[in-house]
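The values are calculated or read from the model by the stated rules, or taken from the named source; none is laboratory data. Predicted model, so just to flag it, every value in this text is computed and none were measured. Glycine gets a Cβ as well: all are built from the backbone with ideal geometry, and neighbour counts include every protein chain shown. Please note that ligands, DNA and RNA were not included when accessible areas were found on the heavy atoms of the full protein model with its side chains. Shrake-Rupley method; radii C 1.70, N 1.55, O 1.52, S 1.80 Å.
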Amino acid sequence: MTSLSITFPESLPVSAKREEIMAAIAAHQVVIVCGETGSGKTTQLPKIALAMGRGKLNYPGGRGPMIGHTQPRRIAASSVAKRIAEELKTPLGEVVGFKVRFQDRLSRDASVKLMTDGILLAETQTDPLLKAYDTIIIDEAHERSLNIDFLLGYLREILPRRPDLKIIVTSATIDADRFAQHFGSRNGPAPVIYVSGRMYPVEQRWHPFEESRDYGLNEAIADGVDELWVGGGGGDVLVFLPGEREIREAADHLRKHLAHSPLTRNTEVLPLFARLSQAEQDRIFDSHSGRRIVLATNVAETSLTVPGIRYVIDTASAARWSSCWSSQSARRRLTSGRVAAGAWPTASAYACTTRRIFRGGRALPIRKSCARRLRA
């Protein structure tokens, strides 16, 4: 296999930190990279590992171990693999590929393997010491799924028996210090490298509403879309919803609502959730000339950058408001600023937001001038 020409986009904040990251990886077995949304850590860290001489192509005859890179979801694994392959100017699967349930796009000589954390966890049954890898990147570790927690515990146990193995754990939140302590050794906690995000300005709008028999969440979402697109404003809309049922109901309501206006009747409404087939999930990456609304679960929060999104509507639930405003809700807000300046209207139940403001301890940063109901 011919040597690669690896470049790092200077527009990404992580590129400015690559020398520091390389030095940390060379000196430590585990490195924690804490990067905000849009920092570029997901796509650039595997390339940094390749540039350091890790991965199969850097071994004689291309017979060495791979760089493993986990993602919490299938669509993130496949889309990130395609993106890195494009940046390296190689066909998908040749140097960088992915393996998810029911789909394997890896050649025998591939050096970087994107996969779900469940795939890597399953491989521990046949490869207990994970000798197929010389570098493992656990991306989006802050999500703390059962698979991720098992992997973090398992990797810590095998480190003494794999002194050649390098582990990079990424987190988009302040949980980085906890991961550093988890992988600590007699020399102290694992090093943490902080990388800023690359964001366009994001305007925040808060729109509490009071649900009634004739006015519910779907009506509030439709009103939010109307407000964003008033005056013929362009840009796609990303709507966060709790699950598949809510997405299907909102999609039906929006299609009927948008059909009444000549300007919006051709709007494409696309669902995005984990149970969709790979082909259906990939539709959000297809080029389009008209308006588009993507209705998604938390699959679109972090590693996945949905192209064309200018606006995000976050339908906050009482459970989420009472759990973690500073991480999940903030990440959702930042998705609207990944590709251009955006706005972030929140269509959330009035009772949920007031419970969080007045009973949850910390007050939310609500601007009085923006706090109003979607409709009386």
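Data overview
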{"item": "Estimated FRET transfer efficiency (LEU159, GLU203; beta-carbon r; R0 45 Å; 0.05)", "result": "0.50"}
{"item": "Interchain or long-range residues, amide H under 5 Å from ILE167's placed H", "result": "VAL30, VAL31, ILE136"}
{"item": "ASP109-GLU249 pseudo-label distance in nm [points 7 Å out on the Cα-to-Cβ vector]", "result": "5.4"}
{"item": "D_trans [Stokes-Einstein, Kirkwood Rh over alpha-carbon pairs] for the stretch 247-300, 4 °C, 1.567 mPa s, µm² s⁻¹", "result": "109"}
{"item": "Net charge of neighbours whose Cβ lies under 12 Å from the Cβ of ASN266, counting Lys and Arg as +1 and Asp and Glu as -1", "result": "+3"}
{"item": "Extension reserve of the ASN187-LEU263 stretch, reckoned as 0.36 nm per residue once the Cα distance is removed", "result": "21.1 nm"}
{"item": "Whole-Hz ³J(HN,Hα) from phi, Karplus 6.51 cos²θ - 1.76 cosθ + 1.60, for the stretch 272-278, glycine and proline x", "result": "8, 8, 5, 7, 5, 5, 4"}
{"item": "Where the stretch 81-186 is the region considered: accessible area per residue in Å², 1.4 Å probe", "result": "48"}
{"item": "Estimated FRET transfer efficiency when R0 is 56 angstrom, pair ALA23-ASP214 (beta carbons, to 0.05)", "result": "0.35"}
{"item": "Per-selection metrics, the stretch 112-266 (Cα): Rg and Dmax in Å", "result": "22.9, 67"}
{"item": "Accessible carbon and sulfur surface of the stretch 233-299 relative to its total accessible area, %, 1.4 Å", "result": "49"}
{"item": "Reachable aspartates and glutamates, given that their alpha-carbon falls under 14 Å from the alpha-carbon of LYS82 and they are not under 8 places away in the same chain", "result": "GLU94, ASP104, ASP282, ASP286"}
{"item": "Long-range amide H partners of VAL195 with built H, under 5 Å", "result": "CYS34, GLY35, GLU36"}
{"item": "Inter-site label distance for SER196 and ARG275 at 7 Å from Cα along Cβ, in nm", "result": "4.3"}
{"item": "Cross-link reach list, lysines versus LYS166, counting only Cα pairs under 20 Å and skipping chain neighbours closer than eight places", "result": "LYS17, LYS41, LYS47, LYS56, LYS113, LYS131"}
{"item": "With every protein chain in place, the stretch 28-174: carbon and sulfur % of accessible area (1.4 Å)", "result": "52"}
{"item": "Chymotrypsin sites (Phe, Trp or Tyr not before Pro) lying in DSSP loop within the stretch 206-300, provided at most 16 other Cβ fall within 10 Å", "result": "TYR215"}
{"item": "The stretch 194-289: GluC sites (Glu not before Pro) in DSSP coil with no more than 16 other Cβ atoms inside 10 Å", "result": "GLU210, GLU211"}
{"item": "Qualifying trypsin sites (Lys or Arg not before Pro) in the stretch 117-163, DSSP loop, other Cβ atoms within 10 Å at most 16", "result": "LYS131, ARG144"}
{"item": "Karplus (6.51, -1.76, 1.60) ³J(HN,Hα), θ = phi - 60°, over the stretch 30-42, in Hz, Gly and Pro reported as x", "result": "10, 10, 9, 10, 9, x, 6, 4, x, 6, x, 5, 5"}
